[in-house]
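Chemist: Dropping the structure in here first, questions after.
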Amino acid sequence: MSGSTLFEQILDPANRANPYPLYAELRKAPVARQADGTYVVSTHAELARLISDPRISSDDLPDPQKFRWTGHPVTDLLVRPVRAEIRKRHRPFIFRDPPDHDRLRGQVMRCFTPERVRGMRAKTQAITDDLIGKMQGKSRIDLVDDFSYPLPVTVICELLGVPPEDEAQFHGWATQLATALEPNQRGDEENQAKNEVCFNEIADYLQGLIKEKRKDRQEDILSDLANEKEGMNDFDLIATAVLLLVAGHETTVNLITNGMLTLLRFPEHLERLRAEPETAPRLIEELLRYEPPVHYRTRLALTDIPVAGITIPKDAPVIFLLAAANRDPIRFPDPDRFDPDRPDNRHLGFGGGLHYCVGAPLARIEAEVALVSLVRRLKGVSLTEDPPPYRPGASLRGPRHLRLALEGVAGE
Amino acid sequence: MTTRPERIVIVGASLAGHAAAHALRERGYAGSLTLVGAERHRPYDRPPLSKQVLRGLYSADTTLPCHPDLNAEFRLGRPATRLDLTGRAVECEDGSRLPYDRLLIATGTRARPWPNPEEAGLAGVFTLRDRDDAERLGAHLRTKPQRVVLVGGGFIGFEVASTCRDLDIPVTLLVRDAVPLAAALGPRLGGLIGEVARERGVDLRLESEIERMEGQAGRLAAVTLKDGARIETDCLVAAIGTLRNVEWLDGSGLEADAGGLRCDAFCRALLHDGRVAEGVFAAGDVARWPNPYDDDALVAVEHWGNARAQAETAAANMLAGDASAMRRHDHLPDFWSQQFGLTIKLVGLTEGADALAVVHGSLEERRLVAAFGKAGRTVAAAAIDSARWLPAYKAAIRERAPFPPIEDAVDQPRIRVQEP
Ligand SMILES: Cc1cc2nc3c(=O)[nH]c(=O)nc-3n(C[C@H](O)[C@H](O)[C@H](O)COP(=O)(O)OP(=O)(O)OC[C@H]3O[C@@H](n4cnc5c(N)ncnc54)[C@H](O)[C@@H]3O)c2cc1C
């Protein structure tokens, strides 16, 4: 495809099923400037370094403090509403920098206690058993719709304290809002308008829920956040809840689906997991390296940053291509091989630095319970199409459907 | 020396010894491996001793996990007493003699005892270095002493003070200098921690020293300070620094004194005349080595991370054959501490620093990263409750970046260079 930059090719849905050759191409330059002035970082060493470099910001909206009135009536008019918007919206903490980021994230971390997360294992198992039970008698399923999607939704709703009858609404909202993470969709005006509407709906809903949690405190994260003494204001609370919902939806779905796809592509590993379920944690770490749910994140250079022989200029958008670094042959021997026995597997599947995934322990539990249960109970399972159809997103990458043929479902 | 080693002896069965043993096996060493330890315990971790253990969160059994295939002989509870360099053997207290092809010296340090032996012998007077110390002190703290007097303005003293406050035990912390923690963090940050300690109810007394202790029936009853103040107490912890365990090397010909055992950049022990002692390596708190980030000035670093990294380098070099295949120990010192709800991390060495700049957060918020400069170069960085940016500063220190490093960054105040 001549004329388009490598990163544009990555964004092209036609390359969704296997972006890895493009990643290999990109890694030839650890930091590659694209035609539009975006810098893509794709090698492990450079990424590991930049991911905790304070000259890189996660707040990729123009900083209202730094904005200077140009004196030009049209420009100023254009920017004024943006400023208001930023203040109004209280962006979720993945799009913020310290100190706000630390404050908000800290409050969430205090609610995500290890005991609480560990306590979700039994619940996850029960939901899993239930979903697999419903496959009884079917010879064909779509793993995404029948399993990978409903599982994390139910788990995150339960954790946050969203009543089960309202779960369905969140599917639509979460899917829509996740598009904000895709540069090619985010810029699109129509999509932005949809996001706006969607955000208002979800915010209204959460505002009501927060009120209830203040009146009647329950054993859930939203209750804790809403009742914390020096807690967040309602805007931040809503933004945080939305973030947790979206992140809890869109990533674990991919982890589970990619996991099953990988196991079906390498049946020896599927058999091994069935026989030795205790190997699941290592297998999941390798999955996070080999087929991570989040392929890249965007950042902004606050100043000129010299790295790997070039200089990322001030204000340049920077793409952290985590999935490419995960297959960097300098860091991981034979990186394109799926090998759960890798001794040294410090992947970037959950990101790194101060935005390291808050939900990592929960995601690990969900993936472990899901995959172990699936391989144990689904009998004679096979892919009916390979590659499966993918969702459009290049950042949150995963199959839209994973249609499987089954011979049967074993009991619990 | 190019022969492949068949017998490796490690003296000092703690963090560095443990890490070296594992690194040797990971690198394919299949010969005999013996660890000699003065303590009767298997290698264990010390940092939790002054933190979680005293608080009763963990037991004092912080034994380090041992690989099932380590296949090493542990000779515990029997210190090495002599090194015979020409005969290439280590002699132990039980009279045994262990010949070696390669020797690793990892005997670390011990707590500096209270200088007056009579006072040091009183029941209720403690030091804190090993597991047994932590067990004893922890047991005593559980009896809720009326007050704990801590002597020493270093990290261990502060960590114990913090633990005591968590347990709601009154604490008096005596610091000889005008500011606590100044050696590691400089007066400004040290002063900040001192302030926090005071707010947490520590009776912090600066420029304060003990004149004498009073005992009653062999048990501590009170201390009198040089300024005349008298404090009734039945519990005193002397956290007044460490001594290096080098006495057993007396007469061996190795260059070892209170400053440590002198090594070259490859972790090889040196003789009095500066030559390399064939086949003898050192790692951890006991070693004194040329620091590439400070023009090869000799340092001994008493940090967990250094003990591990140095052990790994030493292990690699023990198997390297000749010097051309050896690698330098170029670890950048790093250190952490937890106290009074704060997490403190430090990379690099602040010794001799002449400038400080708060590069993230602020002193007022007590959440900050501060960089230290020396003659215009960045030499260290400390983080209080915000360690996530430290890797970037680590890189800057490695590169000896001009001071102040990293400008125009996230959460960065206007950088003002001040004295440390
Ligand atoms: C309470 C406490 C808290 C700490 N907290 C931190 C922290 O938060 N962060 C940090 O970076 N560092 C911390 N440290 C420092 C860290 O624990 C040390 O740097 C580390 O233990 C050094 O390891 P080492 O193996 O070199 O020496 P050591 O751990 O001192 O081990 C030396 C061993 O050799 C043995 N030995 C001595 N002489 C002989 C002999 N002649 N024959 C045989 N054996 C002998 C000793 O008994 C000992 O077991 C702490 C230390 C203590 C005591």
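Chemist: Which condition from (1) under 24 Å from residue A:354 (Cβ atoms); (2) of a type outside the set (A, V, I, L, M); (3) modelled with pLDDT of 90 or more is the one that residue A:91 breaks?
Modeler: Condition not satisfied by residue A:91: (3).
Chemist: For region B:381-410, how many residues are in a strand (DSSP E or B) and buried (at least 17 other Cβ atoms within 10 Å of the Cβ)?
Modeler: Step one: list which residues in region B:381-410 are in a strand (DSSP E or B), which gives B:381-384, B:402.
With the extra rule that they be buried (at least 17 other Cβ atoms within 10 Å of the Cβ), the set shrinks to B:381-384.
Of the residues in region B:381-410, 4 are in a strand (DSSP E or B) and buried (at least 17 other Cβ atoms within 10 Å of the Cβ).
Chemist: May I pose another question? Go through the residues of region A:368-381 one by one and say whether even a single one is within 28 Å of residue A:107 (Cβ to Cβ) and at pLDDT 95 or above. Write out each step before concluding.
Modeler: Taking region A:368-381 first, the residues within 28 Å of residue A:107 (Cβ to Cβ) are A:368-369.
Subset that is at pLDDT 95 or above: A:368-369.
So far as region A:368-381 goes, yes, one or more of its residues are within 28 Å of residue A:107 (Cβ to Cβ) and at pLDDT 95 or above.
Chemist: Quick one: would you say residue B:48 is surrounded by fewer than 21 Cβ atoms within 10 Å (Cβ to Cβ), over 27 Å from residue B:248 (Cα atoms), near the ligand (Cβ under 10 Å from one of its atoms) and without any contact (Cβ under 8 Å) to a residue 40 or more places away in the chain?
Modeler: Details: surrounded by fewer than 21 Cβ atoms within 10 Å (Cβ to Cβ): yes; over 27 Å from residue B:248 (Cα atoms): yes; near the ligand (Cβ under 10 Å from one of its atoms): yes; without any contact (Cβ under 8 Å) to a residue 40 or more places away in the chain: yes.
Spelling it out, residue B:48 is indeed surrounded by fewer than 21 Cβ atoms within 10 Å (Cβ to Cβ), over 27 Å from residue B:248 (Cα atoms), near the ligand (Cβ under 10 Å from one of its atoms) and without any contact (Cβ under 8 Å) to a residue 40 or more places away in the chain.
Chemist: Six or more apart or on different chains, Cβ under 9 Å: which pairs go from a residue in region A:354-382 that's within 14 Å of chain B (Cβ to nearest Cβ) to one that's surrounded by fewer than 18 Cβ atoms within 10 Å (Cβ to Cβ) and part of a helix (DSSP H, G or I)? Could you list them?
Modeler: A:358/A:109
Chemist: Would it be correct to say that residue B:34 is under 18 Å from residue B:279 (Cβ atoms), outside any loop (DSSP other than H, G, I, E, B) and more than 9 Å from the ligand (Cβ to nearest atom)?
Modeler: Details: under 18 Å from residue B:279 (Cβ atoms): yes; outside any loop (DSSP other than H, G, I, E, B): yes; more than 9 Å from the ligand (Cβ to nearest atom): yes.
Spelling it out, residue B:34 is indeed under 18 Å from residue B:279 (Cβ atoms), outside any loop (DSSP other than H, G, I, E, B) and more than 9 Å from the ligand (Cβ to nearest atom).
Chemist: Hey, among the residues in region A:34-60 that are charged (D, E, K, R) and open to solvent by 10 Å² or more (accessible area, probe 1.4 Å), which one's farthest from the other protein chains (Cβ to nearest Cβ)? I'd like the intermediate steps shown before the answer.
Modeler: Start the filter on region A:34-60 by keeping residues that are charged (D, E, K, R), which leaves A:36, A:46, A:49, A:53, A:55, A:59-60.
Pick out the ones that are also open to solvent by 10 Å² or more (accessible area, probe 1.4 Å) and you get A:36, A:46, A:49, A:55, A:59-60.
Numbers: A:36: 23, A:46: 11, A:49: 6, A:55: 5, A:59: 8, A:60: 12 Å.
Among them, the one singled out is A:36.
Chemist: Let me ask something additional. Mind listing just one residue for me: the one in region B:6-22 that is open to solvent by 10 Å² or more (accessible area, probe 1.4 Å) and more than 11 Å from the ligand (Cβ to nearest atom) and, of those, nearest to the other protein chains (Cβ to nearest Cβ)?
Modeler: Applying the filter and picking the extreme gives B:22.
Chemist: While we're here: List the pairs whose first member sits in region B:294-313 and is within 14 Å of chain A (Cβ to nearest Cβ), whose second member is more than 8 Å from the ligand (Cβ to nearest atom) and open to solvent by less than 50 Å² (accessible area, probe 1.4 Å), and whose Cβ atoms are under 6 Å apart, counting only residues at least 6 apart or on separate chains?
Modeler: B:312/B:23
Chemist: Let me ask another. Could you give me the residue pairs with C-beta distances under 6 Å whose first residue belongs to region B:104-124 and is more than 27 Å from residue B:300 (Cα to Cα), whose second residue is among the basic types (Lys, Arg) and open to solvent by 40 Å² or more (accessible area, probe 1.4 Å) wherever it lies, and which are 6+ apart or on separate chains?
Modeler: Going by the 6 Å Cβ cut-off, the qualifying pairs are B:123/B:219; B:124/B:219.
Chemist: Quick one: is residue B:240 within 16 Å of the ligand (Cβ to nearest atom) and either out of contact with any helix residue (DSSP H, G or I) (no Cβ under 8 Å at 6 or more places or on another chain) or of a type in the set (Asp, Glu) (or both)? It would help to see each step written out before you state the result.
Modeler: On the way: within 16 Å of the ligand (Cβ to nearest atom): yes; either out of contact with any helix residue (DSSP H, G or I) (no Cβ under 8 Å at 6 or more places or on another chain) or of a type in the set (Asp, Glu) (or both): yes.
Criteria met by residue B:240.
Chemist: Among the candidates B:61, B:94, single out the residue that is more than 14 Å from the ligand (Cβ to nearest atom), open to solvent by 30 Å² or more (accessible area, probe 1.4 Å), away from chain A (no Cβ under 14 Å) and in a loop (DSSP other than H, G, I, E, B).
Modeler: B:61
Chemist: Okay, next question. Sort out which residues of region B:355-380 are within 19 Å of residue B:297 (Cβ to Cβ) and part of a strand (DSSP E or B), and write them in order of number. Explain how you work it out, then say what you get.
Modeler: Residues of region B:355-380 that are within 19 Å of residue B:297 (Cβ to Cβ), as a first pass: B:355, B:372-380.
Those that are within 19 Å of residue B:297 (Cβ to Cβ) and part of a strand (DSSP E or B): B:355, B:372, B:373, B:374, B:377, B:378, B:379, B:380.
Chemist: Here's a follow-up. Does residue B:287 count as touching a Cys at 6+ places or on another chain (Cβ under 8 Å), within 15 Å of the ligand (Cβ to nearest atom) and of a type outside the set (Phe, Trp, Tyr)? First the steps, then the outcome.
Modeler: Working: touching a Cys at 6+ places or on another chain (Cβ under 8 Å): yes; within 15 Å of the ligand (Cβ to nearest atom): yes; of a type outside the set (Phe, Trp, Tyr): yes.
For residue B:287, the condition - touching a Cys at 6+ places or on another chain (Cβ under 8 Å), within 15 Å of the ligand (Cβ to nearest atom) and of a type outside the set (Phe, Trp, Tyr) - is met.
The values are calculated or read from the model by the stated rules, or taken from the named source; none is laboratory data. No experiment lies behind these values; they were computed from the predicted model shown. Ideal geometry is used to build each Cβ from the backbone, glycine not excepted, and the neighbour counts take in all protein chains shown. Note: areas computed on protein heavy atoms with side chains; ligands, DNA, RNA excluded. Shrake-Rupley method; radii C 1.70, N 1.55, O 1.52, S 1.80 Å.
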